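Single-structure report; data block below.
Quick note: the coordinates plus some simple rules give every number you see, no bench work behind them. This one's a predicted model, so the numbers in the text were calculated from it and none came from an experiment. In this analysis, Cβ positions are derived from the backbone assuming ideal geometry, glycine residues included, and neighbour counts consider all displayed protein chains.
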Amino acid sequence: MASLRDIKKRIEATKKTSQITKAMNMVSASKLRKVEKKFKAFQPIKEKIKHLLEHVISTNPEYTHPLLQQREIKKVGYILVTSDRGLAGPYNSQIFKYFENIIKDNEDDFIVGTIGYKAYSYCKKKKYPMLNKESINSRDDIKFIDFQAMSRAFIKLYLNREVDKIVIIFSDYINTINQVVRDEVLLPITDLIKDKKLVSNYIFEPSTEEVIDQLLPIYLENTLYGIILDAKTAEHASRMTAMKNATDNAKEIIHKQNLIYNRARQAQITIELTDIIGGANAVN
């Protein structure tokens with residue numbers, strides 16, 4: 001049985017850990033509120049760009065852009081969105097497990113692009129073919145410039161027919177308790193409705209084809225930006241939940257250790273009293 005001093009040290013160490021996890025829980029809650037607000041505010045912008053692109057395409061439905069064409073799948077490009085840091089519960093491990101299941105069931109050749117240090121280090125350790133040669137950080141203050149180079153590199157690979165499909169794997173934010181890992185096909189673009197006739201009477205300068213050529217990459221980058229905002233929201237929610245659970249577990253451990261400490265102290269006092277009484281009886 002541990003000594004009273006060892007139990008006391010364990011209680012003090014657990015209290016310090018509890019203070020740290022509680023502080024991290026509060027920080028994650030604050031970051032979650034900010035990025036969730038940003039994520040929700042971006043949705044109308046994303047939908048507006050999508051509707052605008054659909055309306056422009058409807059003016060020339062016969063025009064076929066390479067980014068809109070489906071073709072035989074020989075090589076797939078995957079984008080993994082994870083965090084830079086740990087202590088986020090199963091956030092990163094679920095994404096890796098989901099990705100492993102996809103490539104296990106799919107015999108096509110593939111290349112991986114990573115956003116977040118955890119994904120980069122994981123793919124490098126597994127020796128997967130990678131697009132980016134260094135980590136692309138997934139910072140809290142997300143900017144277009146952070147992932148713009150990688151998105152354009154993937155678009156170039158697709159246009160050059162070096163990859164035939166681009167899939168992004170990320171954690172989708174449902175609420176503070178639930179986050180679901182899912183995948184979404186970025187290329188070819190298949191979610192545009194081409195039969196809308198709302199701007200068919202407009203005259204485009206330059207041509208409709210040139211407008212579409214300019215809008216499609218912008219639409220892709222906005223879609224990717226919205227997904228990364230979604231993933232960052234899920235990350236903060238997962239870390240907040242993990243730190244709350246850690247704090248609750250620490251409190252439970254402290255409670256149990258206090259019971260053990262009190263019992264050990266009571267046993268020690270009983271032994272000391274027995275010795276005192278025994279000594280007194282011997283003297284008498």
Original post:
Just checking, which of S151, S138, S83 is of a type in the set (S, T, Y), touching a Leu at 6+ places or on another chain (Cβ under 8 Å) and surrounded by 15 or more Cβ atoms within 10 Å (Cβ to Cβ)?
Top reply: S151
**OP:** Considering each of L68, L52 in turn, give the residue that is surrounded by fewer than 19 Cβ atoms within 10 Å (Cβ to Cβ), of a type in the set (A, V, I, L, M) and under 21 Å from D183 (Cβ atoms).
**Re:** L68
Original post:
Taking region 252-282, which residues are touching a helix residue (DSSP H, G or I) at 6+ places or on another chain (Cβ under 8 Å), over 16 Å from T14 (Cβ atoms) and not basic (K, R)?
Top reply: A264, Q268
Subject >> region 213-245: number of residues that are surrounded by fewer than 19 Cβ atoms within 10 Å (Cβ to Cβ) and either on the phi > 0 side of the Ramachandran plot or small (G, A, S) (or both) >> reply: 1
Original post:
Counting just the residues of region 136-153 that are touching a residue at least 24 places away in the same chain (Cβ under 8 Å) and assigned to a loop (DSSP other than H, G, I, E, B), which one comes out nearest to K46 (Cα to Cα)?
Top reply: I142
